[in-house]
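Each remark here refers to the structure printed beneath this line.
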Amino acid sequence: MKNYETINLQMNEKVAWLTLKREPVNVLNIEMMQEIVDALETLISHEQPHALVIRAEGKAFSAGVAIEDHIGDKAEPMIHVFHKMFHLLTKIPCPTVAVVEGAAIGGGCEIASFCDISIATERAKFGQPEINLGLFPPVSVAVFPLLMGLNRTMELLLTGKTISAVQAKEYGLINDVVNEEELETYLEDLLDSFRSKSRTALNITRMAIRESLATTFAQTIGKVEQIYLNDLMKTQDAQEGLDSFLDKRKPVWSHS
């Protein structure tokens, strides 16, 4: 396996482990996302795991994408590499499991909920606060209605509120909530259920399920990305939201 600066990728007992390790809260900058893309491409091209587990070191699963990478000339390459992670997660030939301890906010929430199975400890929390900066999260716009339905998606994305792990399970955003003391046992039982099965059958079944959504996601995220870059990011309010965050002040909206 390759050596990375902000992530770790290991193979152990038929399982690939991708660990986010840009502590303390695993903010996703362009360089980190490029490493994640490289790791996923490596798994697709060279490895044959029965499952991929994505988890994190530090205080949070991920606090989202770096605000600095939303600004100016960085915005377009940022959104492209961010979305490439999700295209690769769709293509990877094995079940994907997210393990969330601590906060999964913004892009972190999108990664966690996009995995085939997402489990969280009781101290985890989830949210898409982009609306508070005058923005919206493109992957959530494309995927959340499939997971939670229209009303819950509207609720989370239009309010920007943060919800508990228990609420996230109730909403359909994640699969299960586990006590911290039971997490490793729960995870090993889940992985053993994959290890005991035909890797070919797992991959083809997953591919069949994902195929029913793949075209929809690919088409939708492409359209949403253009709205994000061309309609939203060029507005005065989008720039004000980002600037106010970096300046640590309240935003002043153009139509407030």
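Numbers below:
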| quantity | calculated |
| --- | --- |
| DSSP-defined beta bridges in the chain - what % are antiparallel, rounded to 5 | 30 percent |
| Per-selection metrics, the chain (Cα): Rg and Dmax in Å | 17.8, 58 |
| Straight-distance crosslink candidates among lysines, where the alpha carbon sits under 19 Å from Lys74 and sequence neighbours closer than 8 are dropped | Lys84, Lys234 |
| Structure-based [θ]222 nm, the chain - -39500 (n - 2.57) summed over DSSP H runs of at least 4, per residue, nearest 500 | -15500 deg cm²/dmol |
| Helix axis angle, 236-247 relative to the chain longest principal axis, alpha carbon, degrees | 70 degrees |
| Alpha-carbon Rg with Dmax, taken over segment 1-53, Å | 11.0, 31 |
| Ranked by how many other beta carbons lie within 10 Å on average, peptides 7-13, 75-81 from highest | 75-81, 7-13 |
| Rotationally averaged projected area of segment 48-89 (alpha carbon convex hull; nm²) | 4.1 nm² |
| Spin-label model distance (nm) - Gln226 vs Asp38, 7 Å beyond Cα toward Cβ | 3.2 nm |
| Over segment 12-90, volume per residue of the alpha carbon convex hull, in Å³ | 84 Å³ |
| Largest-first principal axis extents of the Cα set of segment 105-223 (Å) | 47, 37, 20 |
| Protection proxy ranking of 111-123, 157-169 - average other beta-carbon atoms within 10 Å, highest first | 111-123, 157-169 |
| Proximal aspartates and glutamates to Lys197, defined as alpha-carbon separation beneath 16 angstrom and excluding residues fewer than eight positions away on the same chain | Glu13, Glu188, Asp189 |
| Those aspartates and glutamates that a straight Cα-Cα span of less than 17 Å connects to Lys223, excepting residues fewer than 8 apart in one chain | Glu76, Asp231 |
| Calculated from backbone phi, Karplus (6.51, -1.76, 1.60) coupling profile of segment 67-79 in Hz, x at Gly/Pro | 4, 4, 7, 8, 9, x, 5, 7, 4, 5, x, 4, 5 |
| Other-chain or far-sequence residues with amide H under 5 Å of Thr96's (modelled H) | Leu52, Asp116, Ile117 |
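Any read-out appearing in this document is the output of simple, stated calculations on the displayed coordinates, not a laboratory observation. Since the model is a prediction, treat every value here as computed from it, not as a measurement. Counting neighbours? That spans all protein chains shown, and the Cβs are built from the backbone with ideal geometry, glycine included.
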